[in-house]
Structures are given as structure tokens and as C-alpha cells.
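Notes follow once the structure below has been shown.
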Amino acid sequence: WNRSPIRKTKVEFVHFVDLMRSYKQGVWMNYTLSLLQTMDNFAGKAKDPLTLTGDHMDQGVMIELCKNNQNEGLSSTVHYYRLVLAYYFNEYDTALEMVA
């Protein structure tokens, strides 16, 4: 993990999140945070690999933010990343439930 291209990508993403925060680009920052958390889940750095909660975001808080701001795009992105994780971790029944 430490020498992989994904590690370098993650470092760059964290830098871009800092820039987005400084320029008050909250919507785009949240998309990036969800991707960063997905990367951590793939790397085994989350308690539950199918839940996007960890160092970069809290899935429950993000979904609630999406509902409050009527941001269906971000909500769909979070659900899509969770679906990909379910498939990757061979949780096919869970993946089917997610798309139903």
C-alpha cells in the first residue's frame, strides 16, 4: 500500500480537498471525500468495508447532508461506491439489495 500508485493518488486528493476547502467548494469537496473514503475501504482501513465511514467521511452524515440539500447526484455517487465495494468484497446479496 505504501508504494502503490493509489497511495500517491490519495496524497494528491487530500491536497485537493484542502484547496477545495479553502476556496469554499463544499459540494465538490464532498464528492472527493467520498472517493477518498472508498479508497480507504478498498485498502482495508475501515471497520466495515461496505460502509463509507472512516477518516474522510461519515456515511450517515453525508447521506443526511444530501437529503437536506437535495443533492441527488452526491447521494447517487455514495450509493454507487457502496455498490462497487459490495461487489468487490463478494457481498453479492447486499449488492442486489442496494440496486433493488
For this session: Considering only lysines 8 or more places apart in sequence, or on different chains, count the pairs in the chain whose C-alpha atoms sit under 22 Å apart.
Result: 5
For this session: Assign one of three labels to region 5-62, namely rounded, prolate or oblate, based on the Cα gyration tensor with a ≥ b ≥ c the square roots of its eigenvalues; rounded applies when a/c is under 1.5, prolate when it is not and a/b is larger than b/c, and oblate otherwise.
Result: oblate
Exercise. For Tyr88 and Val61, what does the FRET efficiency come to when R0 = 22 Å and r is the distance between their Cβ atoms, rounded to the nearest 0.05?
Worked result: 0.40
Seminar exercise, completed: Long-range alpha-carbon pairs in the chain, meaning those over 22 Å apart, account in percent for 30
Seminar exercise, completed: Of every hundred units of 1.4 Å-probe accessible area on region 31-83, the number belonging to carbon and sulfur atoms, as a percent, is 50
For this session: Provide the net charge surrounding Pro49, with neighbours chosen by a C-beta distance below 12 Å and charges set as Lys +1, Arg +1, Asp -1, Glu -1.
Result: 0
Problem set entry | Vicinal HN-Hα couplings computed from phi for region 8-22 (Karplus, 6.51 cos²θ - 1.76 cosθ + 1.60; Hz; Gly/Pro x) | 5, 4, 4, 4, 5, 4, 4, 4, 5, 4, 4, 5, 4, 4, 5
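The values are calculated or read from the model by the stated rules, or taken from the named source; none is laboratory data. Because the structure is predicted, anything quoted here is derived from the model rather than measured. Quick reminder, even Gly has a Cβ in these numbers, built from the backbone with ideal geometry, and neighbours come from all protein chains shown. To get the accessible areas, we keep the full protein, side chains included, count just its heavy atoms, and leave off ligands, DNA and RNA. Shrake-Rupley method; radii C 1.70, N 1.55, O 1.52, S 1.80 Å.
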